[in-house]
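Below is one structure, written out as structure tokens; comments come after it.
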Amino acid sequence: MSAIYILWLRELKRYVRSRSQIVASLGQPLLYLLALGFGLGPVFRKAGNGSYLQFIAPGVIGMTVLFSSVFSGIGLLWDRQFGFLKETLVAPVPRIRIMIGKALGGATVAVVQGLLVVVVCLAIGFRPSNVAAIPLALLFMALIATVFASLGIAIGSKLENMQGFQLIMNFLVLPIFFLSGALFPLTNLPKALAVVTSVDPLTYGIDGMRGALSGISHFGMLTDIGVLCCVALALIALGSYFFSKIQL
């Protein structure tokens, strides 16, 4: 357990020391909130769906957690490039503990960044429908972070260098975000799009957060939690397997 704690703590220290990363992590969410939240607000309101800012805020929080957790996992490539990964893997510690430590560290950083975006949302006018449900929203943030930190480690374990990073970004991470229902309601979708959104794990994370923070849930929060827990366990197992196959 000490190895898990050390790697978790290392990820947190690296994040705290990178002040530029903390500031930069707020740029894209702020752009979405201002440009879409206020820009499309009148259209959304005329369609009879209420405030678009109230609708999109959970999606933007989920986006922040998604990007941060995946990138922290793919950060495994930097550890490999600078030799830290080799030093870690030669330690007399089971690799599954190393993987879990890195996943938990990346997930914790992602949740912290998500909380910073929550503060930004509150500052520009977002208001939770039920303050008592905020801990439930935090649970969904943690589940999203765990799912995609594990996915990032699985991807980082298979990539040899940063050349495949842009491919992963364009053909995996961005589609996961845009097809999750973060920016549009899940009701009355075309059948093909409804099927695609239903197999996107981020859909259930954002739906759960939206249910907790705004009182709008498409699948039901018990379904959201169940799906996320199953996907998290599957990706932790997959990430552990790929991580155990890394060659020094």
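The values are calculated or read from the model by the stated rules, or taken from the named source; none is laboratory data. Keep in mind it's a predicted model, so treat the numbers as computed, not measured. Glycine also receives a Cβ, built like all others from the backbone with ideal geometry; neighbour counts cover every protein chain displayed.
Checking the condition more than 14 Å from Gly59 (Cβ to Cβ) and touching a helix residue (DSSP H, G or I) at 6+ places or on another chain (Cβ under 7 Å), which residue from Ile216, Ile236, Ile206 passes?
Checking each option against the conditions leaves just Ile236.
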(request) Using the structure shown, decide if Ile216 is out of contact with any Lys or Arg (no Cβ under 7 Å at 6 or more places or on another chain) and farther than 30 Å from Glu87 by Cβ. (result) no
(request) Keeping to segment 220-236, report how many residues are exposed (fewer than 13 other Cβ atoms within 10 Å of the Cβ) and either among the charged types (D, E, K, R) or under 23 Å from Leu159 (Cβ atoms) (or both). (result) 0
(message) Please count how many residues of segment 127-177 are in contact with a Pro (Cβ under 9 Å, 6 or more places away or on another chain) and farther than 22 Å from Ala103 by Cβ.
(response) 1
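Please return the ranges of helices (runs of 4 or more DSSP H) entirely within segment 46-137 where 3 or more residues are without any contact (Cβ under 8 Å) to a residue 60 or more places away in the chain, within 17 Å of Leu202 (Cβ to Cβ) and within 13 Å of the chain's Cα centre (by Cα).
The qualifying helices (runs of 4 or more DSSP H) are 95-123.
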(message) Please determine whether any residue of segment 76-85 is at pLDDT 85 or above and surrounded by 21 or more Cβ atoms within 10 Å (Cβ to Cβ).
(response) no
(message) Can you pull out every residue in segment 196-248 that is hydrophobic (A, V, I, L, M, F, W, C), free of Cβ contacts under 8 Å to residues at least 12 places away in the same chain and in a helix (DSSP H, G or I)?
(response) Leu222, Cys230, Leu233, Ala234, Ala237
(message) Out of everything in segment 195-212 that is under 15 Å from Ala145 (Cβ atoms) and of a type outside the set (A, V, I, L, M, F, W, C), what residue ends up being surrounded by the fewest Cβ atoms within 10 Å (Cβ to Cβ)?
(response) Pro201
(request) State all residues of segment 138-184 that are in a helix (DSSP H, G or I) and among the charged types (D, E, K, R); if no residue qualifies, say none. (result) Lys158
(request) Could you pull out the residue among Phe171, Phe165, Phe184 that is in contact (Cβ under 8 Å) with a residue 24 or more places away in the chain and either on the phi > 0 side of the Ramachandran plot or aromatic (Phe, Trp, Tyr) (or both)? (result) Phe165
(request) Tell me which of these Gly215 doesn't satisfy, since it passes every other one: (1) touching a Ser or Thr at 6+ places or on another chain (Cβ under 7 Å); (2) crowded, with 17+ Cβ neighbours inside 10 Å. (result) (2)
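Please state which one of Ala91, Ala47, Ala24, Ala103 is under 30 Å from Ser129 (Cβ atoms) and either modelled with pLDDT under 85 or touching a Gly at 6+ places or on another chain (Cβ under 8 Å) (or both).
On inspection, the qualifying residue turns out to be Ala47.
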(request) Have a look at Leu186, Leu174 and point out the one that is of a type outside the set (D, E, K, R) and buried (at least 19 other Cβ atoms within 10 Å of the Cβ). (result) Leu186
